[in-house]
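The values are calculated or read from the model by the stated rules, or taken from the named source; none is laboratory data. Quick caveat, the model's predicted, so the values are computed rather than measured. Here the Cβ positions follow ideal geometry from the backbone for every residue, glycine too, while neighbour counts run over all protein chains shown. We work out accessible area using only protein heavy atoms, side chains counted, and drop any ligands, DNA or RNA first. Shrake-Rupley method; radii C 1.70, N 1.55, O 1.52, S 1.80 Å.
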Amino acid sequence: MKRKLVLEKVYNPKLVEKKIYQFWEKSKLFNPDHLPKRHKRPYSIVIPPPNVTGELHIGHALNATCQDILIRWKRMKGFKTLWLPGTDHAGIATQYVVEKQLKKENLTRFDLGKEKFIERVWQWVKKCRKIILEQFKKLGCSLDWSRTRFTLDKEYSQAVKKAFFYYYKKGLIYKGKRPINWCPRCQTSLSDLEIEYKKEEGKLWYIKYPFAKNENSFLIVATTRPETIFGDTALAVNPKDKRYKELVKKKIFLSLPLIEREIPLIEDSAVDPDFGTGVLKITPAHDLRDYEISLKHHLPLIEVIDKEGKMIQVPADYQGLTVWEAREKIVKDLEKLGLLVKVEDYQVSIPKCYRCQTSTEILPSEQWFLKMKDLAQMAKKAVSSGMVKFIPKRWEKIYFDWLSSGKDWCISRQIWWGHKIPLRGREEVLDTWFSSALWPFAALGWPKKSKDLRRFYPTDVLSTDRGIINLWVARMIFSGMEFLKKVPFRKVFIHPTVLTKEGKRMSKSLGTGIDPSLLIEKYGADATRWGIVWQMMGGQDIKFVEDNIVMGQKFCNKIWNASRFVLPQVQDSKFKIPRKFKLKAFKLTLADKLILKALKKTILFVDKSLEDFQFGRAVRSLYNFFWHDFCDIYIEKSKSQLKDNATRETTKKVLIYVLLTSLKLLHPFIPFITEQIYLQLPIFGKKKSLMIENWPE
RNA sequence: GGGUGAGUAGCUCAGCGGUAGAGCACUGCACUCACAUUGCAGGGGUCACAGGUUCAAAUCCUGUCUCACCCACCA
């Protein structure tokens, strides 16, 4: 009674992957509630919800693959596994994407009005979300789709409100007017973490500030921003600077060029005596350090730049100019007056909006803030005490450094897309990270006391990118501790960053990104996963090359063909392989013993590597075992053993045993092909799916 | 200015104290018995540079250079 085998000579992922994914979805085994009884202890991961700003890139594919490997591995080990999918509304980022689309139609969000604009964003979000979730499926992710969440869905809003009022009542949220980062294009405040500094070639202008009582004497100030001169309310020198000691004692006043307002000369240790002339102009409204100094010395605050980035409260000639126009004009005017001493080339760090790359301004504005002192303290403790572990450990430093900086978090944004601040009369929204910070428990149903929350919180692992350790990870940790009294995850795996072959950042705008869908299309999902993981050797960057995916493709083909050899040998429908292969239980040849020993070693190594998040090592040992030990050596040897009556039966058993065990070990990494072959194995005692087979011991 | 990581075969990387390895690419031979997305054989490297420690260094120490990425209130 022979069964027909339907294995093509060459493995074709296109004929397999879609079908297998449908089979999995139908089996409902992604859902922990439908796992067999043996799966008791919970193991959970919530996916870092991708922003609904476009398609997934290869970094997402890498991260998703890592998580799927962990989930599939733990599932086979008998855990009640939940991998929860979702997407992030990504406030300012998504709004910007839609604004860019409008721009192509020569429209702005103000042309549409708020209501129409939000409608438009939703249209985009629905489309985008579908594509993203579809991409995860193509990659083979065993996500529980019945629990999919979005950070702006109705239940999630309840969590955000609850969190806001909790902080508010506790006195941690306060309203205040102070200088903040402002993006003139997005028309919103930004937190410090949402600013990127870019080095640019600028100038350093040396400007004379005449004494108020004696126009022939003056101090020289070096500045990179002459246009803020109108907002100056003092000049400052370092108290240790002997050059200016006498003048400070005399309490002299300077006359501000162009408008002749009198300003004092003060001392402050924040001034670097070695920079320029050692004299600093203090512009409290438009510089954070100047603002700090002004508080100490009770200096007034004069705003001269408005939210559009234009000059205000300045002489008529300047009124309404952009800062760039004003700068040019001021320099010319100072030169005419003989107040410009010299100009030097100087490299400056320009603050940019992290979403639209527009130069931002510092300006005083009324915003909502979250007091960080106690929360930061708590977050630090979570890691220093070992309740949360970073892998690799070196990233903990980044985390601690930021938490020690101790600034309050500006949580209000003046954009339209996001969670409304839940207070009367307010038209602002919350920083998108305020809602992201609640993700590990809000996604599980909080503030309801849900069954999922009880079972799956805290989660086991957070796998994410190093770029958002402070923006997101730190905030999730203190949020979890504040609201649930427990850390949100026990391990933070910081995966390597995928760069181009040239070592450059992958970027959509530069056209250097690589679309994982194209790789899946060309090589199959398994090959893509295998190739990506192959490169994960613990460094902080991966320079992506397609070569490894070619190798993944060849490897899949090898597995396929090894199976094509083994399966016909065991066509007997009554064949049953032993659960465990005890070396002494059968009459084994030397070759048999060697392959079984090598297999045993591989099992241990893969297990240990996965415990340590050493995905690359695991994959390499599997490759060497399967290709060289099994195919090159054992299968070749088995050909003669199968011809010999004395060894035939045992050889068959060893062949199928090693194949099956290999499929189990390989399944977390390359789930499609292994499942496809598993389903065709002519053996007794099979499970419904390889997904829930017992992990080899 | 501070920090992190990296510089090993043409390319991407492993090795991290004891005679230089993998994948891809390349050269030669072999399509009858799982697989030519294969098998066998082969070429190719003063392990960034300079010192030092050691019987022994790609591997440890010191310094230098180059690259990448973070962080920072040099106006």
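Which one of the conditions (1) open to solvent by less than 10 Å² (accessible area, probe 1.4 Å); (2) under 23 Å from A:Val323 (Cα atoms) does A:Val271 fail to meet, given that it meets all the rest?
A:Val271 satisfies every listed condition except (2).
Pull up the stretch A:113-170, narrow it to residues that are open to solvent by less than 40 Å² (accessible area, probe 1.4 Å) and without any contact (Cβ under 8 Å) to a residue 40 or more places away in the chain, then point me to the one that is farthest from A:Ile670 (Cα to Cα).
In this case the residue turns out to be A:Gly113.
Got a sec? Which of A:Pro284, A:Pro239, A:Pro257 is within 15 Å of RNA strand B (Cβ to nearest atom) and under 27 Å from A:Ile350 (Cα atoms)?
Working: A:Pro239 fails: under 27 Å from A:Ile350 (Cα atoms); A:Pro257 fails: within 15 Å of RNA strand B (Cβ to nearest atom).
None of the others qualify; the one that does is A:Pro284.
Which of (1) at pLDDT below 90; (2) within 28 Å of the chain's Cα centre (by Cα) is the odd one out, the single condition A:Gln569 does not satisfy?
It fails just one condition, (2).
Mind telling me which of the residues A:Lys449, A:Lys380, A:Lys420 ends up being surrounded by fewer than 16 Cβ atoms within 10 Å (Cβ to Cβ) and farther than 30 Å from A:Glu99 by Cα? Talk me through it step by step, then tell me what you get.
Values: A:Lys380 fails: surrounded by fewer than 16 Cβ atoms within 10 Å (Cβ to Cβ); A:Lys420 fails: farther than 30 Å from A:Glu99 by Cα.
Selected residue: A:Lys449, the only one of A:Lys449, A:Lys380, A:Lys420 that is surrounded by fewer than 16 Cβ atoms within 10 Å (Cβ to Cβ) and farther than 30 Å from A:Glu99 by Cα.
From the list A:Leu403, A:Leu444, pick out the single residue that is of a type outside the set (Val, Ile, Thr), modelled with pLDDT under 90 and touching a helix residue (DSSP H, G or I) at 6+ places or on another chain (Cβ under 6 Å).
A:Leu403
Could you tell me which of the residues A:Lys104, A:Lys37, A:Lys100, A:Lys74 is open to solvent by 10 Å² or more (accessible area, probe 1.4 Å), more than 16 Å from RNA strand B (Cβ to nearest atom) and closer than 30 Å to A:Ala562 by Cα?
Numbers: A:Lys104 fails: closer than 30 Å to A:Ala562 by Cα; A:Lys37 fails: closer than 30 Å to A:Ala562 by Cα; A:Lys100 fails: closer than 30 Å to A:Ala562 by Cα.
The conditions single out A:Lys74.
Can you pull out every residue in the stretch A:70-110 that is of a type in the set (S, T, N, Q), assigned to a helix (DSSP H, G or I) and touching a strand residue (DSSP E or B) at 6+ places or on another chain (Cβ under 8 Å)? Steps first, answer last, please.
Let us first name the residues in the stretch A:70-110 that are of a type in the set (S, T, N, Q), namely A:81, A:87, A:94-95, A:101, A:106, A:108.
Narrowing further to those that are assigned to a helix (DSSP H, G or I): A:94-95, A:101.
Residue satisfying the conditions is A:Thr94 alone.
Can you name the strands (runs of 3 or more DSSP E) wholly within the stretch A:457-551 that have at least 2 residues being within 16 Å of the chain's Cα centre (by Cα) and within 25 Å of A:His667 (Cα to Cα)?
Details: elements: A:459-464, A:489-494, A:497-499, A:541-543.
In the stretch A:457-551, the matching strands (runs of 3 or more DSSP E) lie at A:459-464, A:489-494, A:497-499.
Among the residues in the stretch A:326-347, are any within 24 Å of A:Phe275 (Cβ to Cβ), under 42 Å from the mean Cα position of the chain (by Cα), among the polar types (S, T, N, Q) and surrounded by fewer than 16 Cβ atoms within 10 Å (Cβ to Cβ)?
Yes, the conditions are met somewhere in the stretch A:326-347.
Select from the stretch A:308-325 the residues that are over 19 Å from A:Ala234 (Cβ atoms), in contact (Cβ under 8 Å) with a residue 40 or more places away in the chain and surrounded by 17 or more Cβ atoms within 10 Å (Cβ to Cβ) and list them in ascending order.
Selection gives A:Gly309, A:Met311, A:Tyr318, A:Val323.
Specify which of the listed residues (A:Val473, A:Val461) is within 14 Å of RNA strand B (Cβ to nearest atom), open to solvent by less than 30 Å² (accessible area, probe 1.4 Å) and touching a strand residue (DSSP E or B) at 6+ places or on another chain (Cβ under 7 Å). Walk me through it before giving the result.
Values: A:Val461 fails: within 14 Å of RNA strand B (Cβ to nearest atom).
Checking each option against the conditions leaves just A:Val473.
Okay, residues lined up against (1) at pLDDT 90 or above; (2) farther than 30 Å from A:Thr94 by Cβ; (3) within 14 Å of RNA strand B (Cβ to nearest atom):
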{"position": "A:Leu299", "(1), (2), (3)": "no, yes, no"}
{"position": "A:Glu308", "(1), (2), (3)": "no, no, no"}
{"position": "A:Leu339", "(1), (2), (3)": "no, yes, no"}
{"position": "A:Glu344", "(1), (2), (3)": "no, yes, yes"}
{"position": "A:Gln357", "(1), (2), (3)": "no, no, yes"}
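Does A:Thr223 satisfy the condition of being surrounded by 19 or more Cβ atoms within 10 Å (Cβ to Cβ), of a type in the set (Val, Ile, Thr) and within 15 Å of RNA strand B (Cβ to nearest atom)?
Numbers: surrounded by 19 or more Cβ atoms within 10 Å (Cβ to Cβ): yes; of a type in the set (Val, Ile, Thr): yes; within 15 Å of RNA strand B (Cβ to nearest atom): yes.
Taking the combined requirement at face value, the residue satisfies it.
Sort out which residues of the stretch A:40-60 are at pLDDT below 95, under 17 Å from A:Ser142 (Cα atoms) and open to solvent by less than 10 Å² (accessible area, probe 1.4 Å), and write them in order of number.
The answer is A:Pro50, and nothing else.
Residue by residue, here is whether (1) exposed (fewer than 15 other Cβ atoms within 10 Å of the Cβ); (2) within 14 Å of RNA strand B (Cβ to nearest atom) holds:
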{"position": "A:Lys485", "(1), (2)": "yes, no"}
{"position": "A:Gly503", "(1), (2)": "yes, yes"}
{"position": "A:Ile520", "(1), (2)": "no, no"}
{"position": "A:Gly524", "(1), (2)": "no, yes"}
{"position": "A:Ile532", "(1), (2)": "no, yes"}
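So if I check each of A:Ile195, A:Ile252, A:Ile207, which one is within 12 Å of RNA strand B (Cβ to nearest atom), in contact (Cβ under 8 Å) with a residue 40 or more places away in the chain and open to solvent by 10 Å² or more (accessible area, probe 1.4 Å)? Can you show your working first?
Values: A:Ile252 fails: within 12 Å of RNA strand B (Cβ to nearest atom); A:Ile207 fails: open to solvent by 10 Å² or more (accessible area, probe 1.4 Å).
Going through A:Ile195, A:Ile252, A:Ile207 in turn, just one is within 12 Å of RNA strand B (Cβ to nearest atom), in contact (Cβ under 8 Å) with a residue 40 or more places away in the chain and open to solvent by 10 Å² or more (accessible area, probe 1.4 Å): A:Ile195.
Free of Cβ contacts under 8 Å to residues at least 40 places away in the same chain and away from RNA strand B (no atom under 11 Å from the Cβ): which single residue out of A:Ser412, A:Ser365, A:Ser405, A:Ser384 fits that description? Step through it out loud before you land on a result.
Working: A:Ser412 fails: free of Cβ contacts under 8 Å to residues at least 40 places away in the same chain; A:Ser365 fails: free of Cβ contacts under 8 Å to residues at least 40 places away in the same chain; A:Ser405 fails: away from RNA strand B (no atom under 11 Å from the Cβ).
On inspection, the qualifying residue turns out to be A:Ser384.
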